[in-house]
Amino acid sequence: MAERLLLRSRDIPELRRIDVYLANGGYEAVRKALKQQPTELVELVKASNLRGRGGAGFPTGMKWSFLPKQNIKPVYLAVNGDESEPGTFKDREILENDPHQLLEGVIITAFAIGCHTAYIYQRGEFELGVRRVDEAIAEARARGFIGKNILGTGFDLEVYTHRGAGAYICGEETGLLESLEGKRAYPRVKPPFPATHGLFGCPTIVNNVETLACVPHIVLRGADWFRGIGPEKSPGPKLFCVSGHVVRPGTYELPMGTPLREIIYEHAGGIPNGRKLKGVIPGGASMPIFTPEEIDVPMDMDSVQKAGSFLGSAGIMVMDDSVCMVWATSILSRFFHHESCGQCTPCREGTGWLEKTLHRLEHGGADPRDVDLLLNIANNMQGNTICALADAAAMPVRALVTKYRAEFEQHALLGHCPFRPVEEPRARAHG
């Protein structure tokens, strides 16, 4: 894909400034959209087959259409910029370097769904992103794109930023809504879904940053253009985050469906220092890993799922043959144990059991039965909780143990990690 759309800020210096943004066609999609009927915009996004870029991949236009038709309550738009998935940094680039692109998507979406108040929720660590979005909101307000009677159309919209406090669970849409309401971010039981009972008990649409950044381009170029990029059922430009053992880590804008092998070896430059690939997590830390034999897969939602994993947030984490897979699994499990909100017993207890068992395997004291114990714990976690965090913790463990079982068994047999020297026992402190 020669033309960059979502990452235009790399080609146009200072695009985050409204004067530069307007000089490069900014807010033309808003002007065009506000001349249409809201229902026309919903049908346009439906026809484009735009699917959510936050991880679930749900059709965006269909989500919008779930709002109740007979409704007397306010409708809210909550923008999910919490981006806490390890290996993922695509939304951050938009928030920090092209916030007006996001705001343009917010304004169009709000008009389409009959919303007059939108919240852009960002993870607490995104200090620069929050500051730049606030600056962009002020600039847009001064030019008449936000506030009362936008561009003389009679449409009103207020947009606010909200900072989280560094909790992974706030990336789950109902946990995010609880946090916005000032409560502890315990995910809600569904149904009811946010489209009918969301923020403050009112109809609410929750969309990811990258998802909304696609909307202005669909309005300007049409649904057929968008569907013409990548596979028909999962089309459009996509931001892929590549980290780990590659020559050129970073964010790449490519057509949805670009092969994983091409992303790693062509765009990201391959594995450095002449080492070989050992495994790739294709969609962020919560997704099952691929072995080197499994990377000839198109990176779109349906193809990756068919191959045994999920596209998720497209956080591609590359590991070369120097990586101890037990160690890597232990790091992942430590993260999910720390981030479990504790509401559901299988997640609260299971994430801790996974971490302790993996620590034994890596650092000594393990039993050969611990390898199967990991699978047993993961199987009892998955599908048994309110939200998907337990699944996010269980799926990578199951895939890593299954695909690299010999390595796990070797740890259990030796009583320590075979890839590094045996640790000396720590001396007990004397009081």
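Open to solvent by 20 Å² or more (accessible area, probe 1.4 Å), part of a helix (DSSP H, G or I) and modelled with pLDDT under 95, is that true of R398?
no
Hey, any hits in the range 299-318 for a residue that's part of a strand (DSSP E or B) and surrounded by fewer than 21 Cβ atoms within 10 Å (Cβ to Cβ)?
Among the residues of the range 299-318, not one is part of a strand (DSSP E or B) and surrounded by fewer than 21 Cβ atoms within 10 Å (Cβ to Cβ), which makes the answer no.
Tell me, yes or no, whether the range 257-265 has at least one residue that is outside any loop (DSSP other than H, G, I, E, B), touching a residue at least 24 places away in the same chain (Cβ under 8 Å) and either within 19 Å of the chain's Cα centre (by Cα) or within 18 Å of I331 (Cβ to Cβ) (or both).
Within the range 257-265 (the criterion being outside any loop (DSSP other than H, G, I, E, B), touching a residue at least 24 places away in the same chain (Cβ under 8 Å) and either within 19 Å of the chain's Cα centre (by Cα) or within 18 Å of I331 (Cβ to Cβ) (or both)), the answer is yes, since at least one residue qualifies.
Could you check, for the range 204-219, whether at least one of its residues is open to solvent by 30 Å² or more (accessible area, probe 1.4 Å), of a type outside the set (S, T, Y) and assigned by TED's automatic domain parsing to the domain that holds F126?
No, that holds for no residue.
Which pairs have Cβ atoms under 8 Å, sit 6 or more apart or on different chains, and link a residue in the range 27-44 that is closer than 11 Å to G61 by Cβ to one that is open to solvent by less than 40 Å² (accessible area, probe 1.4 Å) and polar (S, T, N, Q)?
V42/S65
Looking only at residues in the range 135-149 that are open to solvent by 70 Å² or more (accessible area, probe 1.4 Å) and outside any loop (DSSP other than H, G, I, E, B), which one is farthest from L95 (Cα to Cα)?
Among those that are open to solvent by 70 Å² or more (accessible area, probe 1.4 Å) and outside any loop (DSSP other than H, G, I, E, B), it is A142.
Hey, any hits in the range 97-107 for a residue that's surrounded by 21 or more Cβ atoms within 10 Å (Cβ to Cβ) and more than 24 Å from R10 (Cα to Cα)?
Within the range 97-107, not a single residue is surrounded by 21 or more Cβ atoms within 10 Å (Cβ to Cβ) and more than 24 Å from R10 (Cα to Cα).
Please go through the range 230-252 and pick out each residue that is more than 22 Å from F58 (Cβ to Cβ) and touching a residue at least 40 places away in the same chain (Cβ under 8 Å).
V242, S243, G244, H245, V246, T251, listed by residue number.
Got a sec? Which of G171, G152, G201, G164 is farther than 25 Å from I94 by Cβ, open to solvent by 10 Å² or more (accessible area, probe 1.4 Å), of a type in the set (G, A, S) and touching a residue at least 24 places away in the same chain (Cβ under 8 Å)?
So the residue among G171, G152, G201, G164 that is farther than 25 Å from I94 by Cβ, open to solvent by 10 Å² or more (accessible area, probe 1.4 Å), of a type in the set (G, A, S) and touching a residue at least 24 places away in the same chain (Cβ under 8 Å) is G201.
Restricting to the range 181-198, count the residues that are farther than 15 Å from L67 by Cβ and surrounded by fewer than 22 Cβ atoms within 10 Å (Cβ to Cβ).
8
The values are calculated or read from the model by the stated rules, or taken from the named source; none is laboratory data. None of the values given here were measured: they were computed from a predicted structure. Every residue, glycine among them, receives a Cβ derived from its backbone with ideal geometry; neighbour counts consider all protein chains shown. Protein only, heavy atoms only, side chains kept; ligands, DNA and RNA dropped before computing areas. Shrake-Rupley method; radii C 1.70, N 1.55, O 1.52, S 1.80 Å.
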